[in-house]
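Computed from the coordinates by the stated procedures, all read-outs in this text should not be read as laboratory data. For clarity, every value in this text was computed on a predicted model and none was experimentally measured. Quick reminder, even Gly has a Cβ in these numbers, built from the backbone with ideal geometry, and neighbours come from all protein chains shown.
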Amino acid sequence: MNNNDNEKESKNFAEGQEYAEETENAEDSPKAPKPLKKLVRVNKSTPKQEYHGEHEAPEYHGEHEAPEYHGEHEAPEYHGEHEAPEYHGEHETPEYHGEHESVRKIEADRKKSYKDLLTKIISIAASFVLIMVLVLTMPILRYEKKGQPDERVSIITFFRRWQPLVGLEGEINKQDVQPNIDENKVPQDFNDGLDLPQIVEGQYSVLFLGFEPDQYNTDIIWVVQFDIAGGKMNILQIPRDTCLPDYTSAASGKFNSIYNFGREDLTPIQRVVNAVQENFGIPIDAYVTTTCDDIVDIIDTIGGVPMHIDNEIDFEPHAPGTKVIPAGNVVLSGEQSVWFMRFRSGWLEGDIGRVKNQRRFMAAAMQKLMSIVNDEGKVKLYSYLKKIYDNKWIATDMSVEDISKLADFASTLSMDNASVHMVPGEGTPNDDLYVGTDGNRYSIYSVHKQETIDLLNEYFRPYQKPMLLADSAIVEYYTVHNYDIYDDNGATLGEMEDATEPPRA
């Protein structure tokens, strides 16, 4: 240290000492002002901070600037007078852009909650449907049917096969039938596509019986065969007076008595089925029986059957005017339809005249079926069938599904693809009546056997081997044919639409 420095330090010390004395004296004086601040000795050995201004703190570059602060009131990342992070308007909060935006947000939240609720409901419903499908399609029920092995089936299959009306007549036996299938026409892998419980693939034959009001004898005996593979329908009419004495204990030996007077070890319906199969060689897949009263309800349900009546029909001539169908274009009610089909006394040919007249009703009923499908739709047709089924206006071993399939198939046919035939034969002359087991004489219908077999081979055995004389149990009572007008009597329903009534007596 040089002399100048020593002098300066001595001078500073003297001045400090003098200042201290003055201060002490001033504090003792009441008029002395208070000091502004006390000086604090600075430790010169402390490292000097990066301070560059009067009020500047570290990294501070303005009057009131904090670190990373570049404006008068600016906070970090703050760039406007009142601007907060991501804030761009005077009253704007983050993500808020208008006065009504909070309302929109509430509505959006509400819509989202609705969507979430709807999604949950749909998910639950879908799960329920999936569970129900699994339950309905699982093989959990035991299905038993005579002549077939027991099996486990699903609920859907069980109800499809359910036959609630079969208890009225019972099931028919299909196991003992010898169909003699022609394998050249029906190979083992052949499928007609209709999926019915049939004896011969490609065809399905239904025996239809209509009873008299007393439900004793069968007035109407038809075999309705659906040629599924060929797209046709053929109907065989068996006259009620057809003589088959080996199948009934009735003295007259007539077909219409087989139901009630056939073999005692068989059910009534099985008696008739066996007679058809063994005499006419047509395997019967199912049956339908009904009564006159039921026919009335069925026809009334579908709204009647439109027909043209050539001449007035008086069903009860012994009580004139009580049951009359007027001539002209009429819509037959259920009751009138029964009168029309059963009317017999006025025809020159008696029962054969009635059989011929029934063909005209078949044509009209077929036309009605087609009009229901075309005008009201198949759903309406199925509703009619279900009502008939539910009210038990028929007895059948077919399920609702089977009937619906057949009705659907029939509705696709044209009138020219549906034909009707009567068993060839002739009635007995009055001077040569059939002598019954009781000794009385009866008027019967004698079948022409060879002509009948020819007819059956042509129309009713499309997928079977030809039938021979030995294959039929028909007994021909009049081998010398006096009449052959019924041997070739087939007609399509289209031809029957414009046909006139049979000759009157």
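Please sort 454-460, 198-204 by packing, taking for each peptide the average over its residues of neighbouring beta carbons within 10 angstrom, highest first.
Per-residue Cβ counts within 10 Å, averaged per peptide and sorted highest first, yield 198-204, 454-460.
Expressed as a whole number of Å, what is the distance separating the alpha-carbon centroids of region 103-133 and region 351-426?
Spelled out, the Cα-based centre of one part sits 49 Å from the other.
Could you work out how much longer the chain between Phe361 and Glu401 gets when fully extended? Use 0.36 nm per residue separation minus the Cα distance between them, nm to one decimal.
Roughly 11.8 nm would be gained on extension.
Would you please put 375-385, 211-221 in order of how densely packed they are, using the mean number of other Cβ atoms within 10 angstrom per residue and starting with the highest?
211-221, 375-385
Using Cα-Cα distances under 8 Å and only pairs 6 or more residues apart, what relative contact order does region 190-497 have, in percent?
Relative contact order, region 190-497: 21 percent.
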